[in-house]
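Report on one structure; see the data block that follows.
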Ligand SMILES: C[S@@+](CC[C@H](N)C(=O)[O-])C[C@H]1O[C@@H](n2cnc3c(N)ncnc32)[C@H](O)[C@@H]1O
C-alpha cells in the first residue's frame, strides 16, 4: 500500500474515533500520525482537520448526491466520501487523483461493493459542483459548517458578530510562539528563526505551519507554542516577588510557564485534576528551564533572579514550583495558606478555539454548556476562600458563550460580598458588562474571556 493511501486510511481511523466514539483529536491523532512519515502525516492531518471543519457543508452536499442515505454500519464508506469531497472542494489534490484514491480506499476497507458508487458520487460532484454548493448553502448549518444548536447559541449571544465568529472558526489558526525571555530575546530569536514571521512583544507568528520541534532552540526552551490571546493572561496577574500563586487548572502549563517567565520569584502551585496532563506541565516547565517540578516552596522567601552565565546564556532561574494533582472544586489538596494570586483557567466549551480544534464542533453537545457553567461556578466558589485579602483572581475561559463568561462573573459578584471587579483596561478585545472578551480571529487571536476579581482587604 502506498504511503498516501495509508495516510487516508489513518485519517478514516481518526475521524471514526472523533465522530463515532467522541474521542478528542488531541488523543486520537498523535498515534495515527506516528504510523506515517512526515509528509504523509501532514497530509493525513490536513484531511482530518478539513473534514471536521467542513463536515456539515460536505454532508449537505453528499446528501444531495446519494440516492438513499448510507446505513450506520457503512460509516467508513461515508467518511471515504467526505474525504473525497473535501479534497475535491477545498484542496489542490487533482480531481482525478482524489476520485481514484477514494475508490482505492473503499476497496482497501474491504468495501468493494461501494467502489462504483464512490466513483459515481465524486464524479457527479465534479460535474455539478456549483449547483450542489449553492443548494447546500441555503441551510445555515451547511453554509457555516457548525451544528445548528451552536449557531443559534452564538446568534443569541452575539446578534451582530455571529456570522464573523462562525467564519473565523472555519479558518486555519496561525502558529504563534511566545519567546522565553529567560533564554533569549525576541529579536535574537527572530534572527535565528530564518523563517518569515511577525514579531509583536514576546509573540512571534509564523507565516506558515511547521514542525515546532525542528525550530531552533526547541530543546533549549527558547520558546513556547502559545496563541497570542493566551499570552494576555500572565501579565494581568501583576505578579510580585515572593507571592504565593495558584494556577488552579494548569495543564498543559502554557500560562504557568508564562507566569514564571514574567516573575520567577514566586511560590507557584500548578494544580490540575488530570494526572496525565500534569506530566505535560512538568515536561513543558523543564524544557523552558523552570525546574525541578515538585521543588518544595522556599522556606526563606523568594528565589534569586535568573543571572547571566559567562557564556551569555541565562541560567535557569530557581523557582519554587509545586505540581500537584487535585480537584479544584475540593479542598483536600490545600494546606490552608492563602494565595496572593489565583489563575483560574476554567474547563469550558472551548468555543473560542474551534479554528484550532475543529473536533469541538463534533464533540460538544448543548447540555454540556450547563454542566460546564456549573463546574465553573463550583470552582469560583471553592477557590475564593483560598485567596488572601486584597488578592487577585483571574478568571479565564477560551469560550465565547456568555453563560460561561460575563453571566458567570455577574452571578459570582452578586453572591460574593467581598469580591469586586478590577476593570481590565486594554487595547485588545472588548469590554463587557464584566470582564473582556476577544472573539476568535480578532487580531489573529483565539477567542478568550478574562475577568479580574479582587478580594476586599
Ligand atoms: C483550559 S485547560 C487549562 C490550560 C492551561 N491553563 C494552559 O494555559 O496551558 C483546563 C484544565 O482544567 C483541568 N480541570 C478540569 N476540571 C478541573 C478541576 N475540577 N480541578 C482542577 N483542574 C481541572 C483540565 O484537566 C484542564 O487541564
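Laboratory data are not the source of any read-out in this text; all were calculated from the coordinates shown. The shown structure was predicted, so the numbers you read here are calculated from the model rather than taken from an experiment. FYI the Cβ positions are ideal-geometry reconstructions off the backbone, even for glycines, and counts take in every protein chain you see.
Only alpha carbons enter this Debye calculation for the range 175-225, each as an equal point scatterer, and the log10 of I(q)/I(0) it gives at q = 0.15, 0.23, 0.24 Å⁻¹ is -0.30, -0.76, -0.84.
Label separation (residue 194 vs residue 97): 2.8 nm, computed from points 7 Å beyond Cα along the C-beta direction.
Hydrodynamic analysis of the chain uses the Kirkwood radius over alpha carbon pairs. Inserted into Stokes-Einstein at 4 °C and 1.567 mPa s, it gives a translational diffusion coefficient of 54 µm²/s. Of all DSSP-defined beta bridges confined to the chain, some 60% are antiparallel rather than parallel. Comparing Cα centroids, the range 75-112 and the range 415-457 end up 45 angstrom apart.
Based on alpha-carbon atoms, the Kirkwood radius and the radius of gyration of the range 3-145 give Rg/Rh equal to 0.94.
For the range 230-455, taking the reciprocal of the average inverse distance between every pair of different Cα atoms yields a Kirkwood hydrodynamic radius of 18.0 Å.
Sort 19, 148 so that the residue with the fewest other Cβ atoms within 10 Å of its own Cβ comes first and the one with the most comes last.
By the 10 Å Cβ count, ascending, the order reads 148, 19.
Over the Cα atoms of the range 161-262, the radius of gyration divided by the Kirkwood radius equals 1.01; this is the Rg/Rh ratio. For the range 23-77, what log10 I(q)/I(0) values come out of the Debye formula at q = 0.21, 0.31 1/Å, with one point per alpha carbon and no solvent? Calculated log10 I(q)/I(0) at the listed q: -0.91, -1.18. Fully extending the segment from residue 374 to residue 72 would add 105.3 nm, taking 0.36 nm per residue of separation and subtracting the current Cα-Cα distance.
Counting neighbouring Cβ atoms within 10 Å and putting the fewest first, the residues 249, 398 line up as 249, 398. Helix 75-90 and the longest principal axis of the Cα set of the chain meet at an angle near 80°. For the listed peptides 439-452, 263-276, a ranking on the average number of other beta carbons within 10 Å per residue, highest first, reads 439-452, 263-276. Its residue count N sets the reference 2.2 N^0.38 Å, and the alpha-carbon radius of gyration of the range 75-148 equals 1.14 times that reference.
A protection proxy built from the mean count of other Cβ atoms within 10 Å ranks the segments 221-229, 420-428, most packed first, as 221-229, 420-428. Give the angle, between 0 and 90 degrees and rounded to the nearest 10, that separates the Cα long axis of helix 38-65 from the longest principal axis of the Cα atoms of the chain. So the inclination is approximately 60 degrees.
At 222 nm, what value in deg cm²/dmol follows for the chain if DSSP H runs of at least 4 each add -39500 (n - 2.57) and the sum is divided by all its residues, to the nearest 500?
Counting only the DSSP helices, I get -13500 deg cm²/dmol.
Relative to the longest principal axis of the chain, what angle (0 to 90°, nearest 10) does the C-alpha long axis of helix 275-287 take? Around 70 degrees separate the two axes.
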